[in-house]
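Read the structure below first, then the notes.
The values are calculated or read from the model by the stated rules, or taken from the named source; none is laboratory data. From a predicted model like this one, the values you see are computed outputs, not experimental measurements. With ideal geometry, Cβ positions are generated from the backbone for all residues, glycine too; neighbour counts draw on all protein chains shown. Ligands, DNA and RNA are stripped out before the accessible areas are found, and what is left, the full protein with its side chains, is counted by its heavy atoms. Shrake-Rupley method; radii C 1.70, N 1.55, O 1.52, S 1.80 Å.
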Amino acid sequence: MTIDAYLEAMKERLVTDPLVTQFHVIRERSTLLDGYLRARLTLADGSQLECSEYMQRSSDGAIAVITYNYHWTDANHELIARWDNTPHFPDLPGFPDHIHDGATGEVTPGQPMSIFTVLDEIAGRS
């Protein structure tokens, strides 16, 4: 898969997913070897998801999400959850992937995420 094809697949998911009612691409760039997308989404329940992904293409054509941040807030802009892999919790299992829980303020171990897995996770909570 190319970087451009991955970016198109991301945007196709945003267009076709019934959970997403509106989205705005804030920044997008791509080269043959890497890419970046930052977008703001409005979801069906009025919540918002601010997301960014930086991805790279390996020599065998696989796309890997290198850094990510998905910041999900309710209609009042209160944090519901944030998934990211900023390396600021080195003692957590699964470092650097982690989840900030808006209800409890806790940070828990996470797993590598993409816009696809985050939208699936949010849909599962609805």
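Among the listed residues ASN76, ASN85, identify the single one that is farther than 23 Å from MET1 by Cα and out of contact with any strand residue (DSSP E or B) (no Cβ under 8 Å at 6 or more places or on another chain).
Details: ASN85 fails: out of contact with any strand residue (DSSP E or B) (no Cβ under 8 Å at 6 or more places or on another chain).
Result: ASN76 is the single residue among ASN76, ASN85 that is farther than 23 Å from MET1 by Cα and out of contact with any strand residue (DSSP E or B) (no Cβ under 8 Å at 6 or more places or on another chain).
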ask   = Given the conditions (1) touching a strand residue (DSSP E or B) at 6+ places or on another chain (Cβ under 9 Å); (2) farther than 17 Å from ALA9 by Cα; (3) not small (Gly, Ala, Ser), which single one is not true for PRO90?
value = (1)
request  = Considering only the stretch 17-54, state which residues are exposed (fewer than 15 other Cβ atoms within 10 Å of the Cβ), of a type outside the set (A, V, I, L, M) and assigned to a loop (DSSP other than H, G, I, E, B).
outcome  = PRO18, THR31, ASP45, GLY46
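Considering only residues that are in a loop (DSSP other than H, G, I, E, B) and open to solvent by less than 60 Å² (accessible area, probe 1.4 Å), look in the stretch 87-104 and name the one that is nearest to GLU50 (Cα to Cα). Steps first, answer last, please.
To start, the set of residues in the stretch 87-104 that are in a loop (DSSP other than H, G, I, E, B) comprises 87-97, 102-104.
Remaining after also requiring open to solvent by less than 60 Å² (accessible area, probe 1.4 Å): 92, 94, 96-97, 102.
On the way: LEU92: 24, GLY94: 23, PRO96: 20, ASP97: 17, GLY102: 15 Å.
The residue in question is GLY102.
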query = Looking at ALA75, is it among the aliphatic types (A, V, I, L, M) and over 20 Å from ARG13 (Cβ atoms)?
reply = yes
query = Which one of ILE66, ILE122 is under 15 Å from the mean Cα position of the chain (by Cα) and open to solvent by 50 Å² or more (accessible area, probe 1.4 Å)?
reply = ILE66
remark   = Filtering the stretch 1-33 for residues that are closer than 24 Å to GLY61 by Cβ and of a type in the set (Phe, Trp, Tyr) leaves a count of 1
